[in-house]
1. Cβ-Cβ under 9 Å, sequence separation 6+ or interchain: first residue in region 90-114 and without any contact (Cβ under 8 Å) to a residue 24 or more places away in the chain, partner open to solvent by 50 Å² or more (accessible area, probe 1.4 Å) and of a type in the set (Val, Ile, Thr). Which pairs?
2. Which one of the conditions (1) of a type in the set (Gly, Ala, Ser); (2) open to solvent by 60 Å² or more (accessible area, probe 1.4 Å); (3) modelled with pLDDT of 85 or more does ALA37 fail to meet, given that it meets all the rest?
3. What strands (runs of 3 or more DSSP E) lie completely within region 65-165 and have 3 or more residues being in contact with a strand residue (DSSP E or B) (Cβ under 8 Å, 6 or more places away or on another chain) and open to solvent by 20 Å² or more (accessible area, probe 1.4 Å)?
4. If the requirement is being touching a Lys or Arg at 6+ places or on another chain (Cβ under 6 Å), small (Gly, Ala, Ser) and modelled with pLDDT of 85 or more, which of these qualifies: GLY48, GLY54?
5. Return yes or no: is ARG141 in contact (Cβ under 8 Å) with a residue 60 or more places away in the chain and out of contact with any helix residue (DSSP H, G or I) (no Cβ under 8 Å at 6 or more places or on another chain)?
6. Has region 85-99 got any residue that is at pLDDT 95 or above, touching a Gly at 6+ places or on another chain (Cβ under 7 Å), farther than 21 Å from ILE44 by Cβ and among the β-branched types (Val, Ile, Thr)?
Amino acid sequence: MNPQSEGLRAMVSRRAMIVSMAVCLALSCLTSHNARADDKPARIVVLGDSHTAGSGIAVGYRFTDQLEFALRAKGKAVVVFNAGVVHDTAANGLARLDRAVPDGTHAVIVQLGGTDMLRGTDPNVTRAALAAILQNLQARRIVALLCGARPHTNFGHEYEKAFAAMFAGLASEYNVLFYEAFDDVLSTILSSRLSAACIQIRLGSKRSSRAYCPRSRLS
């Protein structure tokens, strides 16, 4: 195996390990409406773009594969479905939402918006699509984890700042789990910090869960 493949697989594995922490908490906070009375595994769908699709990464090493492995290692009975499409935008994700997230889904990781940012899409357009996705999931009482994207474009600091604020604002407005930058390559130190401090949960009046990962940045 070449060094590039090794590095790519390690990056995907780290992502899965970190996001699995949030999903474990999401599953533990399912409302009584979503609580399963049988022993069937929980269904998690990752609705995303190229990062989720894992084009070029061997089966077993894609994010969804690693996430399922990490959750099962934690004792969670889950099946993780890959609903990633290469270069998908938030609007395209919304258009295929009902097909990608069928009834019976317990949790969804929303990993969209990065392609929009790279293409210079108006943050308000992306926000509207993501908001519609979150509204749909809330109406169906499906736990959501929204993932942001690390700003790295050629459209200037103000544009990148607006996108970052858009992701955080949506998470706050819709009271959903939030992971700031899905495409970050995190250091061992940051991973340890997440493991130790990780996510604070606050149950609202409607028993919905809210959590935020620490907003630490690599220096």
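1. ASN92/VAL85; ARG96/VAL85
2. Evaluating ALA37 over (1) of a type in the set (Gly, Ala, Ser); (2) open to solvent by 60 Å² or more (accessible area, probe 1.4 Å); (3) modelled with pLDDT of 85 or more leaves (3) as the failure.
3. Result: 78-84.
4. None of the other options fit; the residue is GLY54.
5. Spelling it out, ARG141 is indeed in contact (Cβ under 8 Å) with a residue 60 or more places away in the chain and out of contact with any helix residue (DSSP H, G or I) (no Cβ under 8 Å at 6 or more places or on another chain).
6. For region 85-99, residues at pLDDT 95 or above, touching a Gly at 6+ places or on another chain (Cβ under 7 Å), farther than 21 Å from ILE44 by Cβ and among the β-branched types (Val, Ile, Thr): absent.
The values are calculated or read from the model by the stated rules, or taken from the named source; none is laboratory data. This one's a predicted model, so the numbers in the text were calculated from it and none came from an experiment. Heads up, the Cβs are rebuilt from the backbone with ideal geometry, glycines too, and the neighbour counts pull from every protein chain shown. The area values use the complete protein model at the heavy-atom level, side chains included, leaving out ligands, DNA and RNA. Shrake-Rupley method; radii C 1.70, N 1.55, O 1.52, S 1.80 Å.
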